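S.K.: Before anything else, here's the structure in question.
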Amino acid sequence: MSHDARRRNLVWGVTWLAYASYYLGRKGFSAAKHRIKEAGLMDTQLLGVVDTAYLAAYALGQFGSGALGDRIGARRLVGFGLLASAALCAACGSVAAALPFLLFFALNGAAQATGWPGTMRAMSEWTTPANRGTVMGLWSTCYQVGPFVAGPVLGLLIHRYDDWRPAFFAPAFVMVPVALLVLALVRSGPEPARKVTPSEPEDLVSARRLARRAVLRSRTLWCYGACYFFIKFTRYTLAFWLPFYLSESLGYSDALANGVASAFEGGGVVGVIAIGALSDRRGLGRVPLSAAALLGLALALFASAHLVGTSTWLNGALFALVGALLFAPDSIVCGAAAQDAGGRHAAAMSTGFVNGVGSVGALVEGLTVPLLAKHYGWSSLFPGLVVMAVLGAACLLPVLREPAPAT
């Protein structure tokens, strides 16, 4: 194996571990919501406000991190971002009042926003348009495996210590050594072969500047961002509220609720690997596959609206199916497809842009889901998400003929 191949595999592995670890820093609040409410620290509405503050900072941070990642590189953006998130998680676990918790968790959203643009920058440098779908399909399992492991483990820690605070201290303890691994091992990818000219440095700077400006004018990226708005609304509704819903409405214990809800991420692992491999095949575009998966998701959510609560095992199976059909287009739209559209010089900015627009959907989720549950009950959750899935597929209609990948 060549030196470049060994370095490539190392970067793939370390960035996979890094982004999985980011989810420890955000999953703690979801796992601990029911216990935080029982402790009298916050009511349901205030829990939604914390989600909203976190997601607002996360959405804004995506745009800033995207631009920053193309300037300072993946290693520093991800390494220092993880360290900041670890410190803020530890701060959340140390407070005894709602206001400082809200402040620290909102700042954690900004720190968490370094993860996607930074890792996407690294992966764009170590993949090619020809293999990107397959590689990113496998790599994208990190953001299913991360919460899949984190949810049950944090739920067990909450149960074991009869307290919500371990859900924040444990992630901080894990993220620090992972950040040090990133700073030590992640390096920039090899430059593509090109004719060298005396003005090459100036030409390279100009090319990068033009590529970043083109991101904001790209109809393709705006369509991806609009689609990702509805994807993220759906994903964060399920990721943030499934354990709470299972505890509040179905009477599950903290450990059982987090365990059953983790089937959502478990199904996502299968979905992202399958769609990634399919998207690299001739005749199967990334965008048509994503649109088809979103329509399938609408059907799975419709079935869930009528069947959830029938049995614990059926709940887990339904959540796994929903996860497979949701995470599949999620990984393509904000991963391989956005990288293709941005090209090498604007990979972090293009993925940060799509994720930033999409994160507004997650922000809207934080504002609306508690209100809908209050006025219409949790039974309104799944029918509402059916609409989100159909709208997400509709946003891809203008770009169903996927453009040739940028080089």
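The values are calculated or read from the model by the stated rules, or taken from the named source; none is laboratory data. Remember, predicted model here, so these are calculated numbers, not experimental data. All Cβ positions, glycine included, derive from the backbone under ideal geometry; neighbour counts span all protein chains shown. Accessible surface areas use protein heavy atoms only, side chains included; no ligands, DNA or RNA. Shrake-Rupley method; radii C 1.70, N 1.55, O 1.52, S 1.80 Å.
S.K.: Add -39500 (n - 2.57) for each DSSP H run of 4 or more in the chain, then divide by its residues: what number comes out at 222 nm, to the nearest 500 deg cm²/dmol?
M.R.: Mean residue ellipticity at 222 nm (helix-derived): -27500 deg cm²/dmol.
S.K.: Now a separate question. Could you check how much of the accessible area of the chain is carbon and sulfur, as a whole percent, using a 1.4 Å probe?
M.R.: Exposed carbon and sulfur together represent 68 percent of the surface.
S.K.: Turning to a different aspect of this structure: Given the options Ala336, Val272, Ser290, identify the residue whose Cα lies farthest towards the positive end of the charge dipole of the chain (+1 on Cβ of Lys, Arg; -1 on Cβ of Asp, Glu).
M.R.: Ala336
S.K.: Something else about it: Suppose all protein chains stay in the model; what accessible area per residue would a 1.4 Å probe give for the chain, in Å²?
M.R.: Ligands and nucleic acids excluded, the figure is 39 Å² per residue.
S.K.: What label, among (i) 20.3, 70; (ii) 21.2, 63; (iii) 27.7, 108, belongs to Rg and Dmax of the Cα atoms in Å computed from the structure on display?
M.R.: (i)
S.K.: Tell me which of Ala255, Tyr236, Leu400 sits at the most positive position along the dipole axis of the chain, charges placed on C-beta atoms (Lys, Arg +1; Asp, Glu -1).
M.R.: Farthest towards the positive pole: Leu400.
S.K.: Working with all protein chains in place, sort Glu38, Glu248 by solvent-accessible area computed with a 1.4 Å probe, largest first.
M.R.: Glu38, Glu248
S.K.: Let me spell out the model: positive unit charges on the Cβ of Lys and Arg, negative unit charges on the Cβ of Asp and Glu, origin at the Cα centre of the chain. What dipole size does that give, in debye rounded to 20?
M.R.: It comes to approximately 1020 debye.
S.K.: Which of the cysteines found in the chain have nothing to pair with, since no other Cys Cβ lies under 4.7 Å from theirs?
M.R.: Cys89, Cys92, Cys142, Cys223, Cys334
S.K.: For helix 166-185, report the angle its Cα long axis makes with the longest principal axis of the Cα atoms of the chain; keep it between 0 and 90° and round to the nearest 10°.
M.R.: Helix 166-185 sits at roughly 10 degrees to that axis.
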